[in-house]
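Written below as structure tokens is the structure these notes are about.
None of the figures in this text is laboratory data; all of them are computed from the coordinates on show. Note that the coordinates shown come from a computational prediction; the quantities given were computed from them, not determined experimentally. Here Cβ is always computed from backbone atoms with ideal geometry, including for glycine, and neighbour counts include all displayed protein chains.
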Amino acid sequence: MNDETAAAGNILVLNGPNLNLLGTREPAVYGSSTLEDVQELAAAAARSFGFSVEFLQSNHEGVLVDALHAARTTAAGIVINAGAYTHTSVAIRDALAGISLPAVEVHISNVHKREEFRHFSYLSAVVDVVIAGAGIHGYELAINYLASALRH
Ligand code: DQA
């Protein structure tokens, strides 16, 4: 398999700050599943469509920007839960806009039912799909969308 073929079958699943604490972090809001559970769920969903997953979590904005740049040659699509950077980061928005890959923004919680500062997302205008409030199932839905979009 050459690099281009590998990239064509790969989905980058990117998680931002504090998502490493899933499972213990505010369980009433985010549930009891861990980030490892999310990774397994995402990998299984991708596998069922013949795709693979590259999974990354970082608490650092620049690392997330670098991962999006790298995805230009390693991935065919992006699932991103940028955590709090969703509401603050022009840099992540510009990176998503700059790489022109199909992308889905995921939030475990329904951000629109929560504090007003969570209602605005810098990312929503530059992604294809936004999923919020489906719990970790949202990652599965995102992969489902990307797999069918990438096939057609
Ligand atoms: C989140 C929602 C954000 O507002 C919050 O800062 C997060 C997680 C979610 O998955 O529901 O860290 O993106």
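Things to note:
- If you go through the range 126-148 and keep only what is over 11 Å from residue 104 (Cα atoms), touching a residue at least 40 places away in the same chain (Cβ under 8 Å) and of a type in the set (A, V, I, L, M, F, W, C), you end up with 136, 147.
- Any hit, the range 114-122, residues being of a type in the set (A, V, I, L, M, F, W, C) and without any contact (Cβ under 8 Å) to a residue 40 or more places away in the chain: yes
- Residue match in the range 77-87 (condition: over 16 Å from residue 15 (Cα atoms) and within 16 Å of the ligand (Cβ to nearest atom)): no
- Selection count where residues are within 14 Å of the chain's Cα centre (by Cα) and touching a residue at least 60 places away in the same chain (Cβ under 8 Å), scope the range 55-82: 8
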